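The values are calculated or read from the model by the stated rules, or taken from the named source; none is laboratory data. Source: prediction; values computed, not measured. Quick reminder, even Gly has a Cβ in these numbers, built from the backbone with ideal geometry, and neighbours come from all protein chains shown. We work out accessible area using only protein heavy atoms, side chains counted, and drop any ligands, DNA or RNA first. Shrake-Rupley method; radii C 1.70, N 1.55, O 1.52, S 1.80 Å.
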Amino acid sequence: MSRRRVLMVASEAYPLAKAGGLADYVSGLAKALFREGCDVKILLPAYPSALAAIKGPISRFRVDGLDEFGAVSLIAGRTPGDVGAWLVDCPSLYARDGDPYQDADGKDWPDNARRFALLNRVGALLATGNGPLSWRPDLVHLNDWPTGPLAAMLKLANAPVPRTVFVIHNMAFLGLCAADVLPLLGLPGEVLGESGLEFYGHVSFLKAGLSYADRVVTVSESYAQEILAPEFGCGLDGALRARGDRIIGIRNGVDYDEWDSRVDNRIAAGYGAHDLAGKALCRAELEQHFGLRPRRDVPIFAYISRLTHQKMADVLVAAAPEIVRQGAQLAILGRGDRDIERALCELSRQFDDEVIVRPGYDESAAHRLLAGADALLAPARFEPCGLIQIYALRYGTLPIVSRVGGLKETVVDADPETLAAGTATGFMFDDRCLAGLLGAVERALAVYRDRKRWRAMMRNAIGRDFSWQRAVTRYLELYDDMAPVAAERRVSAPVTKVGDDANVVYLGNLAAASD
Ligand code: ADP
């Protein structure tokens, strides 16, 4: 079989740009596919962080025909992991401080529809091989709402196009905007409508992906089931049910080159299941540099997360005094809701060196907290997959999680049976509320007091394997399972004239230009 060419379109990819687990997924999967022999190119906006991290040799190409966005070019290079990376450069849209979606004050960029419309337009151009770049994908792998419209663009193209896989990482982000975005996307008004990308009078970028992609994937088997019901479907459960068996769950893997206590060079000392001594050094480093009072026999619970309703950050604020009272210390690293950030900082003043809070985003601190802590609090009201609890396992830091989505697939709750069988790796609670979380904390503290048992659980946790291999095999099967690029994919649909050629909506000319 010829080498599969995969265009991976995303709004984040570690280490070029990261706001959460999506970045780890894109880089981890792209690297794993590359190792399986795929020719993968990641397509990403040229944020300042991406321009700083991309590796050479670098070429720049001018992108013509997208005048409504201003001057656009494409920068071709490689990620530090050696995967091909193409950055869509448009300084008026991407050269800003902040993260991929928000400014430094945590407010969504008001022109996000335009910012990600451009990513989709350039993606469409590359997917159809229009221009001097001879590379053309067999498969376009789309991730979350910022890339959804590309599925519609390709479905409606009057040209042979690659197959599309749309991966839902989080249903809660619908990517809503006004319908006047359609000309920018080069999509006809006909796509509005219940079976198209309309969501109660708005356009939903997410719905575009799930309505038009050839296949829809979610990032765990449990979440694939959960989102078919109103509780987790975010208003799109009906649209999802309509896709029937074309939605599958493939649980994420993790990249153990980045997240493994044995090889992590960001932490004070390496350690593994059969040599746990280094963990004590990591704990000492955490106490010293983060300002926690050193206390023997008191466990440190870490919380490393976006501070959002999904991650039960409000419940953490309410639970913190009781967790300290029950006999644990807290080390919190988080960015998100400003009121919650303030409330957490107030708690750290109140509890001085028993609760430490680092507001903000700090990749290195995340590794050091994971290594130095005894347990990880990873509660969630819903969780498509969750990576942080899987990382915690490999650091022997036992996760305390709610029984939902990917959390319940990756953690084995400590009950008499699993403890006896030596399979327990963490603590799980059913009621996603304060009482539920505190109940699990209490159980964790009880096991912690039995140090032999706790250490056995640490070894179980470290020994679990969630590497990308299993998921990559399933993605490759999925790619192979889809009909090859063929004439039957040509769907006649009305198109909106945007450029000079009325038949080819979004295709500009990609002309090589000197840098
Ligand atoms: P989600 O993608 O929903 O935010 P995941 O558990 O899948 O949750 O992934 C979270 C990723 O983001 C992890 O790599 C975690 O280390 C990282 N992360 C979250 N918050 C922070 C933060 N404040 N500082 C550094 N890393 C963070």
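Things worth noting here:
- Percent RCO, i.e. relative contact order, over region 1-95, from Cα pairs under 8 Å lying at least 6 residues apart: 28
- Normalised by residue count, region 77-173 yields a Cα convex hull volume of 138 Å³ per residue.
- Note on Lys207: lysines with a C-alpha under 19 Å away, same-chain residues under 8 apart excluded, are Lys155.
- Loop sites in region 217-261: trypsin sites (Lys or Arg not before Pro), DSSP, at most 11 other Cβ within 10 Å: none
- Its Cα gyration tensor gives region 155-240 an equivalent ellipsoid, and the semi-axes of that ellipsoid, as √(5λ) in whole Å with the largest first, are 22, 17, 10.
- With contacts taken as Cα pairs under 8 Å at a separation of at least 6 residues, region 277-463 carries a relative contact order of 21 percent.
- Folded to 0 to 90 degrees: helix 21-35 orientation relative to the chain principal axis, Cα: 70
- Cα pair distances of region 381-443 binned at 10 Å [whole percent]: 24, 55, 21
- Taking all protein chains as shown and a probe of 1.4 angstrom, Tyr101 keeps an accessible surface of around 40 Å².
- What the phi angles of region 340-348 give under the Karplus curve with 6.51, -1.76 and 1.60, with θ = phi - 60°, is a coupling list of 5, 4, 5, 4, 5, 5, 5, 4, 5 Hz, glycine and proline written as x.
- Radius 13 Å from Cβ of Glu442, net charge of other residues (Lys, Arg +1; Asp, Glu -1): +2
- Relative to its Kirkwood radius, the Cα radius of gyration of region 38-101 gives an Rg/Rh of 0.97.
- Taking a straight line from the alpha carbon of Lys311, these lysines sit under 22 Å away, with near neighbours fewer than eight places off in the same chain left out: Lys18, Lys107, Lys408.
- For region 127-228, share of DSSP beta bridges that run antiparallel, in % to the nearest 5: 30
- Antiparallel bridges, percent of DSSP beta bridges restricted to the chain (to nearest 5): 30
- When the Cα convex hull of region 213-335 is projected onto planes of every orientation, the mean area is 11.2 nm².
- Taking a sphere under 13 Å around the Cβ of Ala178 and counting the other residues whose Cβ falls inside, with K and R at +1 and D and E at -1, yields a net charge of -2.
- Here, region 115-268 has an Rg and a Dmax of 17.1, 58 Å when only alpha carbons are counted.
- 3J(HN,Hα) from dihedral phi, region 432-448, Karplus parametrisation 6.51/-1.76/1.60, rounded to Hz, x for glycine, proline: 7, 8, 3, 4, x, 4, 5, x, 5, 4, 4, 5, 5, 5, 5, 5, 4
- Residues whose placed amide H lies under 5 Å from that of Asp39, excluding near-sequence neighbours: Arg4, Arg5, Val6
- Pairs of Cα atoms nearer than 8 Å and 6+ residues apart set the relative contact order; for region 100-170 it is 29 percent.
- Over all other residues within a Cβ to Cβ distance under 11 Å of Cys38, the charged ones net out to +3, with Lys and Arg as +1 and Asp and Glu as -1.
- Computed over the chain, Kirkwood Rh from alpha-carbon pairs, angstrom: 23.7
- Whole-number D in µm² s⁻¹ for region 277-463, Kirkwood Cα-pair radius fed into Stokes-Einstein, 37 °C, 0.692 mPa s: 205
- Folded to 0 to 90 degrees: helix 451-463 orientation relative to the chain principal axis, Cα: 20
- Rg to Rh, two decimals, where region 270-388 supplies the alpha carbon set and Rh follows Kirkwood: 0.95
- Helical mean residue ellipticity (222 nm; -39500 (n - 2.57) per DSSP H run of 4+; nearest 500) of the chain: -10500 deg cm²/dmol
- Cβ-Cβ FRET estimate between Thr423 and Asn158, R0 fixed at 51 Å, reported to 0.05: 0.40
- For a straight C-alpha distance cut-off of 16 angstrom, the lysines reachable from Lys279 (same-chain residues fewer than eight places away being disregarded) are Lys452.
- HN-Hα J in Hz across region 276-291 - Karplus 6.51, -1.76, 1.60, θ = phi - 60°, x for Gly and Pro: 8, 4, x, 5, 5, 5, 5, 5, 4, 5, 4, 4, 5, 7, 9, x
- Interchain or long-range residues, amide H under 5 Å from Arg262's placed H: Tyr271
- In range of the label at Ala318: residues from region 350-385 whose backbone nitrogen is under 14 Å from the point 7 Å along Cα→Cβ: 380-381
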